[in-house]
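S.K.: The structure's right below; bear with me while I get my questions together.
The values are calculated or read from the model by the stated rules, or taken from the named source; none is laboratory data. Quantities reported herein were computed from a predicted structural model and do not represent experimental measurements. As a convention, Cβ positions derive from the backbone with ideal geometry for all residues, glycine included, and neighbour counts pool all protein chains shown.
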Amino acid sequence: MRVVSGIQPTGNLHLGNYLGAIRNWVRMQDEMKDGEQCLFFLADLHAISMPHTPAELHKATLEMAAAVVACGIDPQRSVLFNQAQVPAHAELQWLLNGTARMGWLNRMTQWKDKAGKNREGQSVALFGYPVLQAADVLLYQTTHVPVGEDQKQHLELARDIAQKFNNDFASEDAPVFTLPEAITPPQAARIMSLRDGSKKMSKSDPSEMSRIELADDADTVMKKVKKAKTDPEPLPSEAKGLVGRPEALNLVTIYAAVTDNTVDAVLGEFGGEGFGKFKPALGELLVETLRPISTRFNELLGDREALDAILARGASHARELGRPTLDAAYTALGLVR
Ligand code: TYM
């Protein structure tokens with residue numbers, strides 16, 4: 001088993017990233033057996049597909065590295081790096097650009113959402129974004145990719161690209177790429193905004209009240225939970241009673257995810273109660289969960305040298321692990337080197 005996943009360093013790590021992705025990274029790391037490997041990276045090359053401020057990207061990359069370690073990724077056991085220090089990601093993207101089809105990329109919902117009506121005004125990088133994501137994964141003969149629901153379509157595309165490349169340029173008994181599988185945790189694959197239950201919790205939402213960040217202090221967490229949008233009804237005793245109540249469902253889902261429970265089990269405890277009782281319980285649970293993470297996060301941020309060393313070491317390891325596949329892709333395409 002080879003596990004690979006990434007996160008964009010655009011803003012602070014929030015509860016959606018944590019419950020939808022990073023917590024699952026940590027679980028997979030902790031379950032690794034001898035000979036298996038986890039690689040986790042900061043997708044800084046993806047981050048330049050949207051308008052950005054260089055100084056902010058620089059700072060956010062280091063902060064995200066600290067956040068991922070604070071959440072439990074151990075750089076001694078997992079390979080942790082940023083894409084920009086492993087040029088093979090960008091190189092392989094170019095090689096795969098010959099295989100990816102415009103029509104496939106045009107169908108990506110993230111492209112459609114981000115570009116909106118102004119497709120002509122978007123960067124080429126935003127359009128080609130999923131090909132870089134395919135390169136991230138295919139470079140390492142990855143078998144499993146832990147991601148949230150919103151990234152599943154990009155993973156399907158990576159499989160399509162791998163399959164077409166193998167068909168077009170490799171023999172059946174010696175494929176260049178392994179077809180990766182997306183893994184999404186059963187609970188909390190999708191955490192929604194605290195202000196609008198129909199939108200995912202996101203770093204790009206202009207309202208800070210819409211998300212809980214891992215670096216938020218206890219008072220901020222309590223305030224955001226208490227101000228989260230809800231409805232006046234008490235909680236039902238079964239999950240089906242939450243149909244048509246997206247904000248209520250989201251808060252119960254978060255509680256269930258953090259306690260590793262089902263939504264029904266949470267409702268077994270809180271069914272019949274109003275939000276006046278449920279919100280403080282959820283707020284306290286989150287404060288307790290985030291406290292050790294934010295303490296560690298602040299410690300790590302204070303030691304820039306150690307952070308640089310973690311990323312440099314991870315990048316060097318990743319370059320070594322990716323080299324055979326990159327070489328095989330160049331050779332398969334007939335490129336002279
Ligand atoms: P990104 O940076 O948007 O998010 C990182 C991870 O967090 C998950 N996630 C969520 N899960 C549940 N609820 C939410 N509200 C929520 N918001 C984000 C995402 O599904 C993701 O797993 N393109 C990717 C980064 C990437 C990548 C890769 C991932 C680049 N290359 C290769 C996997 C493999 C992205 O922008 O994720």
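S.K.: Restricting to the range 175-185, and then to whatever is assigned to a loop (DSSP other than H, G, I, E, B), within 15 Å of the ligand (Cβ to nearest atom) and surrounded by fewer than 22 Cβ atoms within 10 Å (Cβ to Cβ), can you tell me which residue is modelled with the lowest pLDDT?
M.R.: Only one residue fits best here, namely 185.
S.K.: Now a separate question. Taking the range 193-208 as the search range and keeping residues that are within 19 Å of the chain's Cα centre (by Cα) and of a type in the set (S, T, N, Q), which one is nearest to the ligand (Cβ to nearest atom)?
M.R.: Ranking the candidates gives 202 first.
S.K.: If only one of 35, 98 is farther than 21 Å from residue 214 by Cβ, in the same structural domain as residue 141 (by TED's automatic domain parsing) and at pLDDT below 95, which one is it?
M.R.: Just one listed residue meets the conditions, 35.
S.K.: Looking at (1) modelled with pLDDT under 95; (2) crowded, with 20+ Cβ neighbours inside 10 Å; (3) away from the ligand (no atom under 13 Å from the Cβ), find the lone condition where residue 172 falls short.
M.R.: For residue 172, the failing item is (2).
S.K.: Any residue in the range 123-147 that's farther than 12 Å from residue 180 by Cα and among the small types (Gly, Ala, Ser): show its pairings with residues that are surrounded by fewer than 24 Cβ atoms within 10 Å (Cβ to Cβ) and at pLDDT 95 or above at Cβ separation under 6 Å, as long as the two are six or more apart or on different chains.
M.R.: Listed pairs, sorted by first residue: 123/49; 125/49.
S.K.: Scan the range 114-130 and give yes if some residue there is in contact with a His (Cβ under 7 Å, 6 or more places away or on another chain), of a type outside the set (S, T, N, Q) and either in a strand (DSSP E or B) or closer than 30 Å to residue 298 by Cβ (or both), otherwise no.
M.R.: No, every residue in the range 114-130 fails to be in contact with a His (Cβ under 7 Å, 6 or more places away or on another chain), of a type outside the set (S, T, N, Q) and either in a strand (DSSP E or B) or closer than 30 Å to residue 298 by Cβ (or both).
S.K.: Is there a residue being of a type in the set (Ser, Thr, Tyr), in contact with a strand residue (DSSP E or B) (Cβ under 7 Å, 6 or more places away or on another chain) and either away from the ligand (no atom under 14 Å from the Cβ) or not in a loop (DSSP other than H, G, I, E, B) (or both) anywhere in the range 5-24?
M.R.: Yes, the range 5-24 has at least one match.
S.K.: Right, next: Answer yes or no as to whether residue 178 is hydroxyl-bearing (Ser, Thr, Tyr) and in the same structural domain as residue 134 (by TED's automatic domain parsing).
M.R.: In short, yes.
S.K.: All but one of (1) of a type in the set (Gly, Ala, Ser); (2) in contact with a Phe, Trp or Tyr (Cβ under 7 Å, 6 or more places away or on another chain); (3) surrounded by 24 or more Cβ atoms within 10 Å (Cβ to Cβ) hold for residue 49, so report the exception by its number.
M.R.: The number of the failed condition is (3).
S.K.: Oh, and also: Residues that are assigned to a helix (DSSP H, G or I), under 19 Å from residue 155 (Cα atoms), touching a Cys at 6+ places or on another chain (Cβ under 8 Å) and within 12 Å of the ligand (Cβ to nearest atom): does the range 40-61 have at least one?
M.R.: Within the range 40-61 (the criterion being assigned to a helix (DSSP H, G or I), under 19 Å from residue 155 (Cα atoms), touching a Cys at 6+ places or on another chain (Cβ under 8 Å) and within 12 Å of the ligand (Cβ to nearest atom)), the answer is no, since none of the residues qualifies.
S.K.: OK, next. Restricting to the range 209-218, give me the number of residues that are more than 9 Å from the ligand (Cβ to nearest atom) and within 19 Å of the chain's Cα centre (by Cα).
M.R.: Adding up the residues that qualify gives 5.
S.K.: Of all helices (runs of 4 or more DSSP H) completely enclosed by the range 232-337, which ones contain at least 3 residues that are surrounded by fewer than 16 Cβ atoms within 10 Å (Cβ to Cβ) and in the same structural domain as residue 58 (by TED's automatic domain parsing)?
M.R.: Correct list: 304-332.
S.K.: Next up: What is the one condition in (1) assigned to a helix (DSSP H, G or I); (2) surrounded by fewer than 22 Cβ atoms within 10 Å (Cβ to Cβ) that residue 141 does not satisfy?
M.R.: Every listed condition holds for residue 141 apart from (1).
S.K.: Let me ask you something else. Go through 141, 163, 153, 133 for me and flag whichever is under 21 Å from residue 3 (Cα atoms) and within 9 Å of the ligand (Cβ to nearest atom).
M.R.: 133
S.K.: Here's something else I'd like to know. For residue 272, indicate whether it is closer than 24 Å to residue 16 by Cα, at pLDDT 95 or above and not hydroxyl-bearing (Ser, Thr, Tyr).
M.R.: no
S.K.: Shifting gears a bit: Pairs needed: first member in the range 90-116, among the small types (Gly, Ala, Ser); second member anywhere, modelled with pLDDT of 95 or more and not in a helix (DSSP H, G or I); C-beta distance under 6 Å; at least 6 residues apart or different chains.
M.R.: Sorted first by the residue in the range 90-116, then by its partner, the pairs are 115/122.
S.K.: Working only within the range 72-122, note down all residues that are farther than 27 Å from residue 35 by Cα, polar (S, T, N, Q) and exposed (fewer than 13 other Cβ atoms within 10 Å of the Cβ).
M.R.: 106, 109, 118
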